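Enquirer: Got a structure for you, written out below as C-alpha coordinates; questions coming shortly.
The values are calculated or read from the model by the stated rules, or taken from the named source; none is laboratory data. Nothing here was measured: the structure is a model prediction, and the numbers come from that model. When we count neighbours, we look across all protein chains shown, and the Cβ atoms used for this are built from the backbone with ideal geometry, even at glycine.
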Amino acid sequence: MLSMKHPVSIICFMVLTACGGGSSGGGASSTTPPVSSSSVSTVSSSSSSSSSLSSSSSSSGSDLSLKALVDFPVGVAVNAGNETNSIFLENTAGIAQRAIIEQHFDQITAGNIMKMSYLHPDIDTFAWTQADALLDYAAEQNISVHGHALVWHSDYQVPNWMKNFPGDKAAWSDMMKTHVQTIAAHFSGRVESWDVVNEAFEENGSYRNSLFFQKMGSDYIEEAFINARAADPSADLYYNDYNLSPGDAKFLATLDMVDDFQERDIPIDGVGFQMHVYMGWPSISAIKASFQAVVDRGLKVKITELDIPINNPFDTTNYSFPNNYISELTPALAQQQKVRYCEIAKAYVDVVPAELRGGFTVWGVWDEDTWLINQIFDGKHIEWPLLFGHDFQPKPALDGVAAGLTGQACS
Ligand code: G3I
(Lines give C-alpha, C1' and ligand atoms only; values in the text may rest on other atoms or scores of the structure.)
Protein backbone atom coordinates (compact mmCIF):
# COMPACT_ATOMS: atom_id res chain seq x y z
CA MET A 1 0.00 0.00 0.00
CA LEU A 2 1.38 3.33 -0.99
CA SER A 3 0.85 6.56 0.74
CA MET A 4 0.86 9.97 -0.85
CA LYS A 5 -0.41 13.45 -0.54
CA HIS A 6 -3.45 14.76 -2.28
CA PRO A 7 -4.61 18.31 -2.74
CA VAL A 8 -6.67 19.77 0.05
CA SER A 9 -9.07 21.12 -2.49
CA ILE A 10 -10.26 17.64 -3.25
CA ILE A 11 -13.17 17.04 -1.00
CA CYS A 12 -12.86 13.55 0.11
CA PHE A 13 -10.79 10.57 -0.27
CA MET A 14 -10.75 6.94 0.22
CA VAL A 15 -10.18 4.52 2.97
CA LEU A 16 -13.06 2.49 4.13
CA THR A 17 -15.14 5.25 2.79
CA ALA A 18 -14.81 8.69 1.54
CA CYS A 19 -16.41 11.95 1.37
CA GLY A 20 -17.86 15.00 2.72
CA GLY A 21 -20.10 16.83 0.45
CA GLY A 22 -20.52 18.14 -2.97
CA SER A 23 -18.44 20.46 -4.98
CA SER A 24 -19.52 23.21 -2.70
CA GLY A 25 -19.70 20.98 0.30
CA GLY A 26 -17.52 20.33 3.26
CA GLY A 27 -15.45 17.38 4.23
CA ALA A 28 -12.19 18.74 2.92
CA SER A 29 -9.26 16.89 4.21
CA SER A 30 -5.58 17.49 4.19
CA THR A 31 -4.40 14.21 5.53
CA THR A 32 -2.40 11.56 3.78
CA PRO A 33 -4.59 8.80 2.51
CA PRO A 34 -3.17 5.50 1.45
CA VAL A 35 -3.77 4.58 -2.15
CA SER A 36 -3.82 1.41 -4.08
CA SER A 37 -0.72 0.42 -5.89
CA SER A 38 -2.64 -2.01 -8.00
CA SER A 39 -5.63 0.01 -9.00
CA VAL A 40 -4.38 2.50 -11.51
CA SER A 41 -1.44 1.11 -13.29
CA THR A 42 -2.99 0.18 -16.58
CA VAL A 43 -4.13 2.19 -19.53
CA SER A 44 -3.09 5.64 -20.59
CA SER A 45 -5.13 7.61 -23.00
CA SER A 46 -6.09 11.16 -23.68
CA SER A 47 -9.23 10.70 -25.64
CA SER A 48 -11.23 7.51 -25.57
CA SER A 49 -13.75 7.34 -22.81
CA SER A 50 -16.25 4.74 -23.83
CA SER A 51 -16.39 1.40 -22.14
CA SER A 52 -16.41 -1.96 -23.83
CA LEU A 53 -19.87 -2.60 -22.61
CA SER A 54 -20.61 -5.86 -24.29
CA SER A 55 -17.29 -7.37 -23.40
CA SER A 56 -17.58 -6.37 -19.77
CA SER A 57 -21.16 -7.41 -19.18
CA SER A 58 -22.25 -9.60 -16.36
CA SER A 59 -22.55 -13.28 -17.11
CA SER A 60 -25.62 -13.84 -15.01
CA GLY A 61 -27.83 -11.57 -17.04
CA SER A 62 -31.44 -11.10 -16.19
CA ASP A 63 -32.09 -13.99 -13.79
CA LEU A 64 -30.11 -12.69 -10.88
CA SER A 65 -31.77 -10.76 -8.06
CA LEU A 66 -29.41 -9.56 -5.35
CA LYS A 67 -32.13 -9.00 -2.80
CA ALA A 68 -33.31 -12.59 -3.13
CA LEU A 69 -29.92 -13.90 -2.07
CA VAL A 70 -29.79 -12.61 1.50
CA ASP A 71 -32.05 -11.74 4.39
CA PHE A 72 -30.59 -8.33 5.17
CA PRO A 73 -31.22 -5.13 3.20
CA VAL A 74 -29.51 -4.76 -0.16
CA GLY A 75 -29.71 -1.08 -0.89
CA VAL A 76 -29.00 1.56 -3.48
CA ALA A 77 -28.84 5.36 -3.41
CA VAL A 78 -31.25 7.03 -5.81
CA ASN A 79 -31.99 10.38 -7.34
CA ALA A 80 -35.63 11.27 -6.93
CA GLY A 81 -38.01 14.20 -6.90
CA ASN A 82 -37.00 16.78 -9.46
CA GLU A 83 -33.33 15.86 -9.47
CA THR A 84 -31.47 15.23 -12.68
CA ASN A 85 -31.77 11.54 -13.46
CA SER A 86 -34.62 11.06 -11.01
CA ILE A 87 -35.83 7.49 -10.93
CA PHE A 88 -39.31 8.86 -11.58
CA LEU A 89 -38.55 10.26 -14.98
CA GLU A 90 -40.51 8.66 -17.78
CA ASN A 91 -37.47 8.48 -20.01
CA THR A 92 -34.87 5.78 -20.54
CA ALA A 93 -32.94 6.71 -17.40
CA GLY A 94 -36.00 6.66 -15.18
CA ILE A 95 -37.50 3.51 -16.60
CA ALA A 96 -34.22 1.59 -16.65
CA GLN A 97 -33.35 2.64 -13.11
CA ARG A 98 -36.70 1.56 -11.76
CA ALA A 99 -36.34 -1.81 -13.45
CA ILE A 100 -32.92 -2.30 -11.88
CA ILE A 101 -34.08 -1.17 -8.44
CA GLU A 102 -37.12 -3.40 -8.45
CA GLN A 103 -35.18 -6.45 -9.57
CA HIS A 104 -32.20 -6.19 -7.26
CA PHE A 105 -32.74 -3.97 -4.26
CA ASP A 106 -34.99 -4.05 -1.23
CA GLN A 107 -33.77 -0.82 0.33
CA ILE A 108 -33.23 2.67 -1.02
CA THR A 109 -31.41 5.71 0.31
CA ALA A 110 -32.17 9.14 -1.09
CA GLY A 111 -28.87 10.32 -2.51
CA ASN A 112 -29.89 13.90 -1.78
CA ILE A 113 -33.55 14.66 -1.23
CA MET A 114 -33.72 13.71 2.44
CA LYS A 115 -30.83 15.94 3.41
CA MET A 116 -31.32 18.96 5.65
CA SER A 117 -31.82 21.70 3.07
CA TYR A 118 -34.32 19.64 1.10
CA LEU A 119 -36.52 18.74 4.06
CA HIS A 120 -36.16 21.92 6.11
CA PRO A 121 -35.69 24.78 3.64
CA ASP A 122 -36.80 27.52 6.01
CA ILE A 123 -37.01 27.78 9.74
CA ASP A 124 -40.75 27.23 9.82
CA THR A 125 -41.01 25.23 6.62
CA PHE A 126 -40.63 21.54 6.13
CA ALA A 127 -40.92 20.20 2.59
CA TRP A 128 -42.12 16.64 2.42
CA THR A 129 -43.51 16.25 -1.09
CA GLN A 130 -40.47 14.82 -2.86
CA ALA A 131 -39.44 12.52 -0.03
CA ASP A 132 -42.99 11.33 0.55
CA ALA A 133 -43.29 10.41 -3.11
CA LEU A 134 -40.08 8.39 -2.84
CA LEU A 135 -41.33 6.63 0.28
CA ASP A 136 -44.68 5.93 -1.38
CA TYR A 137 -42.87 4.31 -4.28
CA ALA A 138 -40.72 2.31 -1.90
CA ALA A 139 -43.75 1.11 0.02
CA GLU A 140 -45.51 0.10 -3.20
CA GLN A 141 -42.48 -1.94 -4.17
CA ASN A 142 -41.95 -3.43 -0.71
CA ILE A 143 -38.64 -1.63 -0.47
CA SER A 144 -37.46 -0.24 2.85
CA VAL A 145 -35.86 3.19 3.25
CA HIS A 146 -32.66 4.23 4.97
CA GLY A 147 -32.89 7.91 5.90
CA HIS A 148 -29.93 10.11 5.01
CA ALA A 149 -29.13 12.33 6.87
CA LEU A 150 -30.57 14.21 9.84
CA VAL A 151 -27.42 16.20 10.61
CA TRP A 152 -24.57 16.77 8.15
CA HIS A 153 -22.23 19.71 8.01
CA SER A 154 -21.72 19.76 4.24
CA ASP A 155 -22.18 23.34 3.17
CA TYR A 156 -24.44 22.89 0.19
CA GLN A 157 -27.07 21.00 2.09
CA VAL A 158 -27.16 22.95 5.34
CA PRO A 159 -30.03 25.38 4.76
CA ASN A 160 -29.02 29.03 4.61
CA TRP A 161 -31.41 30.00 7.39
CA MET A 162 -29.64 27.51 9.65
CA LYS A 163 -26.24 28.92 8.77
CA ASN A 164 -27.51 32.30 9.87
CA PHE A 165 -29.44 31.13 12.89
CA PRO A 166 -28.64 33.40 15.84
CA GLY A 167 -28.70 32.55 19.48
CA ASP A 168 -26.71 30.80 22.11
CA LYS A 169 -26.10 27.12 22.64
CA ALA A 170 -29.51 26.62 24.25
CA ALA A 171 -31.25 28.24 21.30
CA TRP A 172 -29.29 26.05 18.90
CA SER A 173 -30.14 23.01 20.95
CA ASP A 174 -33.86 23.82 20.74
CA MET A 175 -33.66 24.55 17.03
CA MET A 176 -31.83 21.32 16.26
CA LYS A 177 -34.28 19.39 18.42
CA THR A 178 -37.12 20.74 16.32
CA HIS A 179 -35.23 19.90 13.14
CA VAL A 180 -34.43 16.33 14.09
CA GLN A 181 -37.69 15.50 15.82
CA THR A 182 -39.94 16.99 13.18
CA ILE A 183 -38.23 15.04 10.42
CA ALA A 184 -37.88 11.81 12.35
CA ALA A 185 -41.50 12.00 13.49
CA HIS A 186 -42.75 12.69 9.98
CA PHE A 187 -41.11 9.54 8.63
CA SER A 188 -41.64 7.44 11.73
CA GLY A 189 -42.70 3.93 10.86
CA ARG A 190 -41.71 4.48 7.23
CA VAL A 191 -37.94 4.44 7.48
CA GLU A 192 -35.97 1.46 8.63
CA SER A 193 -33.04 3.50 9.85
CA TRP A 194 -31.38 6.91 9.84
CA ASP A 195 -27.93 8.29 9.41
CA VAL A 196 -28.45 10.52 12.42
CA VAL A 197 -25.12 12.32 12.23
CA ASN A 198 -22.84 12.15 9.22
CA GLU A 199 -19.09 12.82 9.20
CA ALA A 200 -18.51 14.43 12.61
CA PHE A 201 -14.79 13.71 12.87
CA GLU A 202 -11.66 14.94 11.16
CA GLU A 203 -8.98 12.52 10.05
CA ASN A 204 -6.89 13.36 13.12
CA GLY A 205 -9.70 12.26 15.41
CA SER A 206 -10.75 15.72 16.51
CA TYR A 207 -14.33 16.78 16.17
CA ARG A 208 -14.93 18.39 12.81
CA ASN A 209 -15.17 22.13 13.26
CA SER A 210 -18.60 22.21 11.68
CA LEU A 211 -21.26 24.81 12.15
CA PHE A 212 -22.92 22.50 14.66
CA PHE A 213 -19.73 21.95 16.61
CA GLN A 214 -19.05 25.67 16.67
CA LYS A 215 -22.48 26.39 18.07
CA MET A 216 -23.03 23.42 20.35
CA GLY A 217 -19.74 21.65 20.89
CA SER A 218 -19.88 17.89 20.59
CA ASP A 219 -23.26 17.85 22.36
CA TYR A 220 -24.97 18.26 19.00
CA ILE A 221 -24.15 14.65 18.24
CA GLU A 222 -25.67 12.97 21.26
CA GLU A 223 -28.61 15.36 21.26
CA ALA A 224 -29.37 14.36 17.68
CA PHE A 225 -29.42 10.69 18.65
CA ILE A 226 -31.59 11.33 21.70
CA ASN A 227 -34.01 13.43 19.67
CA ALA A 228 -34.18 10.93 16.83
CA ARG A 229 -34.94 8.08 19.20
CA ALA A 230 -37.63 10.12 20.96
CA ALA A 231 -39.35 10.97 17.67
CA ASP A 232 -39.02 7.56 16.02
CA PRO A 233 -38.39 4.76 18.51
CA SER A 234 -38.55 2.11 15.81
CA ALA A 235 -35.78 3.33 13.51
CA ASP A 236 -32.23 2.07 13.83
CA LEU A 237 -29.91 5.00 14.48
CA TYR A 238 -26.50 5.12 12.81
CA TYR A 239 -23.42 7.24 13.06
CA ASN A 240 -22.14 7.38 9.45
CA ASP A 241 -18.69 8.30 8.21
CA TYR A 242 -15.91 7.64 5.71
CA ASN A 243 -12.32 6.61 6.32
CA LEU A 244 -13.17 4.38 9.24
CA SER A 245 -9.90 2.50 9.11
CA PRO A 246 -8.59 0.43 11.98
CA GLY A 247 -5.92 2.15 14.00
CA ASP A 248 -6.56 5.54 12.43
CA ALA A 249 -7.33 8.43 14.73
CA LYS A 250 -10.70 9.02 13.12
CA PHE A 251 -11.92 5.49 13.68
CA LEU A 252 -10.55 5.45 17.22
CA ALA A 253 -12.43 8.67 17.93
CA THR A 254 -15.58 7.13 16.48
CA LEU A 255 -15.19 4.08 18.70
CA ASP A 256 -14.54 6.29 21.73
CA MET A 257 -17.76 8.13 21.00
CA VAL A 258 -19.64 4.88 20.62
CA ASP A 259 -18.21 3.55 23.88
CA ASP A 260 -19.14 6.75 25.65
CA PHE A 261 -22.67 6.61 24.22
CA GLN A 262 -23.07 3.04 25.36
CA GLU A 263 -21.79 3.82 28.85
CA ARG A 264 -24.19 6.75 29.20
CA ASP A 265 -27.15 5.09 27.47
CA ILE A 266 -27.21 7.51 24.57
CA PRO A 267 -29.17 5.64 21.91
CA ILE A 268 -27.13 4.30 18.98
CA ASP A 269 -27.76 1.13 17.00
CA GLY A 270 -24.96 1.00 14.54
CA VAL A 271 -22.09 2.46 12.58
CA GLY A 272 -22.44 3.23 8.89
CA PHE A 273 -19.35 2.65 6.81
CA GLN A 274 -19.68 4.78 3.69
CA MET A 275 -17.00 2.84 1.82
CA HIS A 276 -16.15 5.04 -1.11
CA VAL A 277 -13.15 2.79 -1.64
CA TYR A 278 -10.70 2.03 -4.44
CA MET A 279 -9.71 -1.09 -6.28
CA GLY A 280 -6.77 -2.07 -4.10
CA TRP A 281 -7.33 0.01 -1.04
CA PRO A 282 -8.03 -0.40 1.76
CA SER A 283 -7.07 -4.00 2.31
CA ILE A 284 -9.73 -6.58 3.00
CA SER A 285 -8.06 -7.31 6.31
CA ALA A 286 -8.41 -3.64 7.29
CA ILE A 287 -12.05 -3.65 6.26
CA LYS A 288 -12.69 -6.78 8.30
CA ALA A 289 -10.93 -5.37 11.36
CA SER A 290 -13.06 -2.23 11.22
CA PHE A 291 -16.27 -4.21 10.97
CA GLN A 292 -15.11 -6.44 13.81
CA ALA A 293 -14.51 -3.49 16.14
CA VAL A 294 -18.12 -2.42 15.73
CA VAL A 295 -19.43 -5.97 16.02
CA ASP A 296 -17.45 -6.34 19.25
CA ARG A 297 -19.53 -3.52 20.68
CA GLY A 298 -22.75 -5.28 19.81
CA LEU A 299 -23.66 -2.63 17.24
CA LYS A 300 -24.92 -3.05 13.71
CA VAL A 301 -22.61 -2.60 10.76
CA LYS A 302 -24.10 -1.06 7.65
CA ILE A 303 -22.26 -0.48 4.41
CA THR A 304 -24.01 2.73 3.43
CA GLU A 305 -22.40 4.17 0.29
CA LEU A 306 -20.22 1.63 -1.47
CA ASP A 307 -18.65 2.43 -4.80
CA ILE A 308 -15.38 1.30 -6.38
CA PRO A 309 -14.00 3.43 -9.21
CA ILE A 310 -11.38 2.05 -11.57
CA ASN A 311 -9.15 5.13 -11.43
CA ASN A 312 -7.74 6.44 -8.19
CA PRO A 313 -6.98 10.14 -8.55
CA PHE A 314 -5.11 10.21 -5.26
CA ASP A 315 -2.56 7.73 -6.53
CA THR A 316 -0.48 10.38 -8.22
CA THR A 317 2.13 7.87 -9.25
CA ASN A 318 -0.27 6.08 -11.51
CA TYR A 319 -2.89 8.67 -12.22
CA SER A 320 -2.75 12.03 -13.89
CA PHE A 321 -5.16 13.61 -16.29
CA PRO A 322 -4.97 13.70 -19.27
CA ASN A 323 -1.75 11.79 -19.65
CA ASN A 324 -2.14 8.78 -17.46
CA TYR A 325 -5.49 7.43 -16.55
CA ILE A 326 -7.68 4.48 -17.35
CA SER A 327 -10.01 5.46 -20.12
CA GLU A 328 -11.70 2.16 -20.86
CA LEU A 329 -13.29 -0.50 -18.74
CA THR A 330 -11.61 -3.47 -20.33
CA PRO A 331 -12.86 -6.99 -19.60
CA ALA A 332 -9.77 -7.54 -17.45
CA LEU A 333 -10.50 -4.46 -15.35
CA ALA A 334 -14.17 -5.36 -15.08
CA GLN A 335 -13.06 -8.74 -13.78
CA GLN A 336 -10.77 -7.11 -11.20
CA GLN A 337 -13.64 -4.92 -10.10
CA LYS A 338 -15.88 -7.98 -9.81
CA VAL A 339 -13.38 -9.61 -7.47
CA ARG A 340 -13.06 -6.43 -5.41
CA TYR A 341 -16.83 -6.12 -5.00
CA CYS A 342 -17.01 -9.80 -4.13
CA GLU A 343 -14.29 -9.58 -1.50
CA ILE A 344 -15.94 -6.64 0.21
CA ALA A 345 -19.36 -8.32 0.21
CA LYS A 346 -17.80 -11.51 1.50
CA ALA A 347 -15.92 -9.62 4.22
CA TYR A 348 -19.24 -8.21 5.34
CA VAL A 349 -20.99 -11.55 5.73
CA ASP A 350 -17.89 -13.25 7.08
CA VAL A 351 -17.38 -10.77 9.91
CA VAL A 352 -20.81 -9.40 10.72
CA PRO A 353 -23.20 -11.87 12.34
CA ALA A 354 -26.69 -12.04 10.93
CA GLU A 355 -28.31 -10.08 13.74
CA LEU A 356 -25.93 -7.16 13.27
CA ARG A 357 -26.17 -6.85 9.48
CA GLY A 358 -27.74 -3.46 8.86
CA GLY A 359 -27.39 -3.81 5.12
CA PHE A 360 -25.20 -3.50 2.06
CA THR A 361 -25.81 -0.36 -0.02
CA VAL A 362 -24.20 0.89 -3.22
CA TRP A 363 -24.08 4.64 -3.87
CA GLY A 364 -25.90 4.92 -7.15
CA VAL A 365 -27.79 2.82 -9.65
CA TRP A 366 -25.62 3.05 -12.74
CA ASP A 367 -22.18 4.27 -13.70
CA GLU A 368 -23.38 7.36 -15.50
CA ASP A 369 -24.80 8.85 -12.36
CA THR A 370 -21.98 8.46 -9.89
CA TRP A 371 -21.06 11.50 -7.81
CA LEU A 372 -17.42 10.60 -8.42
CA ILE A 373 -17.33 11.84 -12.00
CA ASN A 374 -18.05 15.45 -11.07
CA GLN A 375 -16.82 15.63 -7.54
CA ILE A 376 -13.69 13.48 -7.53
CA PHE A 377 -12.71 13.36 -11.19
CA ASP A 378 -13.84 16.95 -11.83
CA GLY A 379 -15.91 15.89 -14.82
CA LYS A 380 -12.77 15.15 -16.80
CA HIS A 381 -13.59 11.59 -17.72
CA ILE A 382 -16.11 8.90 -17.11
CA GLU A 383 -15.85 6.23 -14.47
CA TRP A 384 -17.34 2.82 -13.80
CA PRO A 385 -17.73 2.50 -10.03
CA LEU A 386 -21.13 0.83 -9.77
CA LEU A 387 -22.88 -2.42 -10.62
CA PHE A 388 -24.58 -1.33 -13.84
CA GLY A 389 -22.82 0.23 -16.80
CA HIS A 390 -23.44 3.39 -18.73
CA ASP A 391 -25.84 1.36 -20.88
CA PHE A 392 -27.73 0.14 -17.79
CA GLN A 393 -26.48 -3.38 -18.38
CA PRO A 394 -25.26 -5.46 -15.44
CA LYS A 395 -21.51 -5.56 -15.07
CA PRO A 396 -19.40 -8.42 -13.76
CA ALA A 397 -19.35 -6.46 -10.49
CA LEU A 398 -22.97 -7.48 -10.00
CA ASP A 399 -21.98 -11.14 -10.10
CA GLY A 400 -19.17 -10.32 -7.70
CA VAL A 401 -21.59 -8.90 -5.15
CA ALA A 402 -23.86 -11.90 -5.57
CA ALA A 403 -20.97 -14.29 -4.98
CA GLY A 404 -19.63 -12.36 -2.02
CA LEU A 405 -22.97 -11.94 -0.29
CA THR A 406 -23.52 -15.66 -0.51
CA GLY A 407 -20.07 -16.47 0.78
CA GLN A 408 -18.67 -17.92 -2.42
CA ALA A 409 -15.06 -17.73 -3.48
CA CYS A 410 -14.15 -14.52 -5.26
CA SER A 411 -12.78 -15.15 -8.72
O1 G3I B 1 -29.77 20.61 -6.98
C2 G3I B 1 -28.76 21.43 -7.56
C3 G3I B 1 -29.23 21.94 -8.83
O4 G3I B 1 -30.31 22.78 -8.64
C5 G3I B 1 -28.08 22.66 -9.52
O6 G3I B 1 -28.47 23.04 -10.79
C7 G3I B 1 -26.86 21.76 -9.62
C8 G3I B 1 -25.67 22.48 -10.25
O9 G3I B 1 -24.48 22.12 -9.62
O10 G3I B 1 -26.51 21.36 -8.37
C11 G3I B 1 -27.52 20.61 -7.77
O12 G3I B 1 -27.16 20.19 -6.53
C13 G3I B 1 -26.18 19.20 -6.49
C14 G3I B 1 -26.76 18.00 -5.75
O15 G3I B 1 -25.77 17.02 -5.56
C16 G3I B 1 -27.93 17.37 -6.49
O17 G3I B 1 -27.53 16.89 -7.73
C18 G3I B 1 -24.99 19.74 -5.73
O19 G3I B 1 -24.37 20.77 -6.49
C20 G3I B 1 -24.00 18.64 -5.45
O21 G3I B 1 -22.99 19.14 -4.60
C22 G3I B 1 -24.71 17.49 -4.75
O23 G3I B 1 -23.79 16.46 -4.55
C24 G3I B 1 -24.16 15.44 -3.67
C25 G3I B 1 -23.23 15.47 -2.47
O26 G3I B 1 -23.48 14.36 -1.63
C27 G3I B 1 -23.40 16.72 -1.63
O28 G3I B 1 -24.62 16.74 -0.99
C29 G3I B 1 -24.05 14.13 -4.40
O30 G3I B 1 -25.06 14.07 -5.41
C31 G3I B 1 -24.22 12.97 -3.42
O32 G3I B 1 -23.95 11.74 -4.10
C33 G3I B 1 -23.22 13.13 -2.29
O34 G3I B 1 -23.41 12.09 -1.39
C35 G3I B 1 -22.54 12.09 -0.25
C36 G3I B 1 -23.36 11.57 0.92
O37 G3I B 1 -24.51 12.36 1.10
C38 G3I B 1 -22.51 11.55 2.19
N39 G3I B 1 -21.31 10.80 1.99
C40 G3I B 1 -20.50 11.22 0.87
C41 G3I B 1 -21.33 11.19 -0.43
C42 G3I B 1 -20.49 11.57 -1.62
O43 G3I B 1 -20.04 12.89 -1.53
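Enquirer: Are there any helices (runs of 4 or more DSSP H) wholly within the range 110-196 with 3 or more residues that are among the polar types (S, T, N, Q) and surrounded by fewer than 21 Cβ atoms within 10 Å (Cβ to Cβ), and if so which?
Expert: Fully inside the range 110-196 and qualifying: 169-186.
Enquirer: Let me ask something else. Please work out which residue is surrounded by the fewest Cβ atoms within 10 Å (Cβ to Cβ), limiting yourself to the range 234-264 and to residues that are of a type in the set (A, V, I, L, M, F, W, C) and in contact with a Ser or Thr (Cβ under 9 Å, 6 or more places away or on another chain).
Expert: Step by step, filter the range 234-264, then rank; the result is ALA249.
Enquirer: On the basis of being out of contact with any strand residue (DSSP E or B) (no Cβ under 8 Å at 6 or more places or on another chain), more than 13 Å from the ligand (Cβ to nearest atom) and under 23 Å from GLU368 (Cα atoms), does TYR156 make the cut?
Expert: Here the answer is no, as TYR156 does not meet what is asked.
Enquirer: Can you find a residue in the range 250-265 that is part of a loop (DSSP other than H, G, I, E, B), of a type in the set (Ser, Thr, Tyr) and either more than 16 Å from the ligand (Cβ to nearest atom) or touching an Asp or Glu at 6+ places or on another chain (Cβ under 7 Å) (or both)?
Expert: no
Enquirer: Okay, moving on. Quick check on my filter: what residues within the range 367-406 are part of a loop (DSSP other than H, G, I, E, B), under 15 Å from ILE310 (Cβ atoms) and either modelled with pLDDT of 95 or more or under 19 Å from the mean Cα position of the chain (by Cα) (or both)?
Expert: THR370, ILE376, PHE377, GLU383, TRP384, PRO385, LEU386, LEU387, GLY389, HIS390, LYS395 - these are the residues of the range 367-406 that are part of a loop (DSSP other than H, G, I, E, B), under 15 Å from ILE310 (Cβ atoms) and either modelled with pLDDT of 95 or more or under 19 Å from the mean Cα position of the chain (by Cα) (or both).
Enquirer: Follow-up. Go through (1) more than 16 Å from the ligand (Cβ to nearest atom); (2) in contact (Cβ under 8 Å) with a residue 40 or more places away in the chain; (3) over 24 Å from LEU237 (Cα atoms) for LEU405 and report which single condition fails.
Expert: Failing condition for LEU405: (3).
Enquirer: Are any residues in the range 169-200 aromatic (Phe, Trp, Tyr) and more than 17 Å from THR125 (Cβ to Cβ), and if so, which ones?
Expert: The answer is TRP172, TRP194.
Enquirer: So, in the range 345-375, exactly how many residues are away from the ligand (no atom under 16 Å from the Cβ) and surrounded by fewer than 24 Cβ atoms within 10 Å (Cβ to Cβ)?
Expert: The number of residues fulfilling the criteria is 11.
Enquirer: Take the residues in the range 235-261 that are within 20 Å of the chain's Cα centre (by Cα) and among the charged types (D, E, K, R), then tell me which one is nearest to HIS276 (Cα to Cα).
Expert: Selected residue: ASP241.
Enquirer: Does the range 315-324 contain at least one residue that is acidic (Asp, Glu) and touching a strand residue (DSSP E or B) at 6+ places or on another chain (Cβ under 8 Å)?
Expert: For the range 315-324, residues acidic (Asp, Glu) and touching a strand residue (DSSP E or B) at 6+ places or on another chain (Cβ under 8 Å): present.
Enquirer: Okay, next question. Looking at GLY247, GLY217, GLY189, can you tell me which residue is modelled with pLDDT under 95, of a type in the set (Gly, Ala, Ser) and at positive phi?
Expert: Exactly one of GLY247, GLY217, GLY189 is modelled with pLDDT under 95, of a type in the set (Gly, Ala, Ser) and at positive phi, namely GLY247.
Enquirer: Restricting the first residue to the range 347-359 and requiring it to be touching a residue at least 40 places away in the same chain (Cβ under 8 Å), which pairs with a second residue that is among the aromatic types (Phe, Trp, Tyr) and in a helix (DSSP H, G or I) meet a Cβ separation below 8 Å and a spacing of at least six or different chains?
Expert: Every condition considered, the pairs that remain are ALA347/PHE291; TYR348/PHE291; VAL351/PHE291; VAL352/PHE291; ARG357/TYR348.
Enquirer: Within the range 159-168, how many residues turn out to be under 12 Å from ILE123 (Cβ atoms) and away from the ligand (no atom under 16 Å from the Cβ)?
Expert: Summing the residues that are under 12 Å from ILE123 (Cβ atoms) and away from the ligand (no atom under 16 Å from the Cβ) in the range 159-168 gives 5.
Enquirer: Sticking with this one: What are the residue pairs meeting all of these: first residue in the range 239-264, first residue touching a residue at least 60 places away in the same chain (Cβ under 8 Å), second residue of a type in the set (Asp, Glu) and part of a strand (DSSP E or B), Cβ atoms under 7 Å, and 6 or more apart or on different chains?
Expert: Listed by first residue and then by second, the contacts come to ASN240/ASP195.
Enquirer: Answer yes or no as to whether GLN336 is in contact with a Cys (Cβ under 8 Å, 6 or more places away or on another chain) and over 21 Å from HIS146 (Cα atoms).
Expert: no
Enquirer: Any residue that is within 15 Å of the ligand (Cβ to nearest atom) and without any contact (Cβ under 8 Å) to a residue 40 or more places away in the chain - is there at least one of those in the range 95-105?
Expert: no
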